[in-house]
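Q: One structure is given below, represented as structure tokens, and several questions about it will come after.
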Amino acid sequence: MDVTEVKALADAVRAEIGKAIVGQTETIDLLLTALFARGHVLLEGPPGTAKTFLAQCFAQTLALDYGRIQFTPDLMPADIMGANTFNFQTSSFTLTRGPVFCELLLADEINRTPPKTQAALLEAMQERRVTLDGKAHELSERFMVVATQNPLEQQGTYPLPEAQLDRFLFKQTLQYPTREEELRIVAAYGVRAGQAEPKDLGVGRVADAKALNAAHRAVAAVRLNDEVAGYATDLVRATRSTPDLQAGASPRSAAQLALAARARAALDGRDYAIPDDVKALALPLLRHRVILSPAAEIEGRRAEQVIEQLLQTSAVPR
């Protein structure tokens, strides 16, 4: 598979998901970019903006083994990873696998469980493996976490630690649809009773594991010249020197920004990354990795505003 075929695959995914999801084109593109960059996505938005349904449609379209965890305050790490249980018939321990053993894991309302349980995902997200009783169990190469959280409700929630946030390639903020989009939603779903499944709306499979592996190889062959790599690096380093931020982005951010730029180039049918790829992905990639300074918070500024300012002031290679 070459980059033109990757673009054709991405177009087919967008069209197939479009049978069930109205709008959200930017979010779908970020999910595709994260998949091909082997990253994870945090979706933040008010209830009813199709965060969960979008993840289901995405998994259905790409034939990904789908798993879901509803995060609650009493959730334990074993509820995520599984555990070794003693079998009295065979007098031996048997591994009972948790829902993390899948290809696309929906971590629904991830901020409703304490940090101890949130941390159970750290190894899985970074190294794609789970360690139980000292033994490592490998996860799929296509393993991807799509987590959701509600920005409106703070009661009974636990802020995600910086180490957890840094594991997410993107944080996408979902907005309410436009009036035209909402009319289409009402027309499509206002006549239905109950929650529709993706397959009920005609969402089919447009790729399989073989095609996804070939797409990953095509993305790995995308060129990243020194100027674009330097632009991504300088942009991340600028977050550490601005007085508006108490803490800037990590070195992992620069590497992931470059990798994501290559994935975006492939989605556009190019075998080379350009500065526009970096600029387009900088905001969703950096917004959750920086911490505002107290002075900026008092002024009512947001991390997104600071990042946008850095994008305007950083020199872009020609």
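Q: Could you tell me whether segment 130-141 includes any residue that is part of a strand (DSSP E or B), touching a helix residue (DSSP H, G or I) at 6+ places or on another chain (Cβ under 9 Å) and under 22 Å from Gln24 (Cβ atoms)?
A: Taking every residue of segment 130-141 in turn, none turns out to be part of a strand (DSSP E or B), touching a helix residue (DSSP H, G or I) at 6+ places or on another chain (Cβ under 9 Å) and under 22 Å from Gln24 (Cβ atoms).
Q: Sticking with this one: Just checking, how many residues over segment 103-124 are crowded, with 22+ Cβ neighbours inside 10 Å, in contact with a strand residue (DSSP E or B) (Cβ under 6 Å, 6 or more places away or on another chain), not aliphatic (A, V, I, L, M) and not in a helix (DSSP H, G or I)?
A: 0
Conditions tested, residue by residue: (1) over 22 Å from the mean Cα position of the chain (by Cα); (2) modelled with pLDDT of 95 or more; (3) closer than 18 Å to His40 by Cα; (4) not β-branched (Val, Ile, Thr).
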residue: Arg240; (1), (2), (3), (4): yes, no, no, yes
residue: Ala249; (1), (2), (3), (4): no, no, yes, yes
residue: Ser253; (1), (2), (3), (4): no, no, yes, yes
residue: Arg289; (1), (2), (3), (4): no, no, yes, yes
residue: Ala303; (1), (2), (3), (4): no, no, no, yes
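Q: Hey, can you tell me all the residues within segment 37-89 that are surrounded by 16 or more Cβ atoms within 10 Å (Cβ to Cβ), of a type in the set (D, E, K, R) and under 24 Å from Asp133 (Cβ atoms)?
A: Result: Asp79, single match.
Q: I would also like to ask the following. If Ala10 satisfies all but one of (1) in contact (Cβ under 8 Å) with a residue 12 or more places away in the chain; (2) outside any helix (DSSP H, G or I), what's the number of the condition it fails?
A: (2)
Q: Report, by residue number, each residue of segment 153-186 that is within 24 Å of the chain's Cα centre (by Cα), assigned to a loop (DSSP other than H, G, I, E, B) and either closer than 25 Å to Gln246 by Cβ or without any contact (Cβ under 8 Å) to a residue 60 or more places away in the chain (or both).
A: Result: Glu153, Gln154, Thr157, Tyr158, Pro159, Leu160, Pro161, Asp166, Arg167, Phe168, Leu169.
Q: So which residues in segment 273-318 are under 20 Å from Ala34 (Cβ atoms), open to solvent by less than 40 Å² (accessible area, probe 1.4 Å) and not in a helix (DSSP H, G or I)?
A: Of everything in segment 273-318, those that are under 20 Å from Ala34 (Cβ atoms), open to solvent by less than 40 Å² (accessible area, probe 1.4 Å) and not in a helix (DSSP H, G or I) turn out to be Ala273, Arg287, His288, Arg289, Val290.
Q: Same structure again: Find the helices (runs of 4 or more DSSP H) located wholly in segment 187-269 whose residues include 3 or more that are among the small types (Gly, Ala, Ser) and surrounded by 21 or more Cβ atoms within 10 Å (Cβ to Cβ), and list them.
A: Because the criterion is at least 3 residues that are among the small types (Gly, Ala, Ser) and surrounded by 21 or more Cβ atoms within 10 Å (Cβ to Cβ), the helices (runs of 4 or more DSSP H) in segment 187-269 that meet it are 251-267.
So that you can scan it fast, the table gives a plain yes or no per residue for (1) out of contact with any strand residue (DSSP E or B) (no Cβ under 7 Å at 6 or more places or on another chain); (2) not charged (D, E, K, R):
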{"site": "Val236", "(1), (2)": "yes, yes"}
{"site": "Gln256", "(1), (2)": "yes, yes"}
{"site": "Ala265", "(1), (2)": "no, yes"}
{"site": "Asp271", "(1), (2)": "no, no"}
{"site": "His288", "(1), (2)": "no, yes"}
{"site": "Gln309", "(1), (2)": "yes, yes"}
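Q: Sticking with this one: Filter segment 14-25 for residues that are buried (at least 22 other Cβ atoms within 10 Å of the Cβ) and part of a helix (DSSP H, G or I) and give the result.
A: If the condition is that a residue be buried (at least 22 other Cβ atoms within 10 Å of the Cβ) and part of a helix (DSSP H, G or I), then Glu16, Ile17 are the ones that fit.
Q: Output yes when any residue across segment 238-257 is within 17 Å of Arg318 (Cα to Cα) and touching a helix residue (DSSP H, G or I) at 6+ places or on another chain (Cβ under 8 Å), and no when none is.
A: For segment 238-257, residues within 17 Å of Arg318 (Cα to Cα) and touching a helix residue (DSSP H, G or I) at 6+ places or on another chain (Cβ under 8 Å): absent.
Q: I want to confirm something. Restricting to segment 154-174 and keeping residues that are among the polar types (S, T, N, Q), modelled with pLDDT under 90 and within 19 Å of Pro47 (Cβ to Cβ), which single residue is least open to solvent (accessible area, probe 1.4 Å)?
A: Once the filter is applied, the top-ranked residue is Thr157.
Q: Across segment 16-54, what is the number of residues that are more than 23 Å from Ile69 (Cβ to Cβ) and free of Cβ contacts under 8 Å to residues at least 12 places away in the same chain?
A: Residues that pass the stated criteria total 2.
The values are calculated or read from the model by the stated rules, or taken from the named source; none is laboratory data. In this text, all values refer to a predicted model and were calculated from it rather than measured experimentally. Glycine gets a Cβ as well: all are built from the backbone with ideal geometry, and neighbour counts include every protein chain shown. Accessible surface is based on the protein model in full, side chains and every heavy atom, while ligands, DNA and RNA are left aside. Shrake-Rupley method; radii C 1.70, N 1.55, O 1.52, S 1.80 Å.
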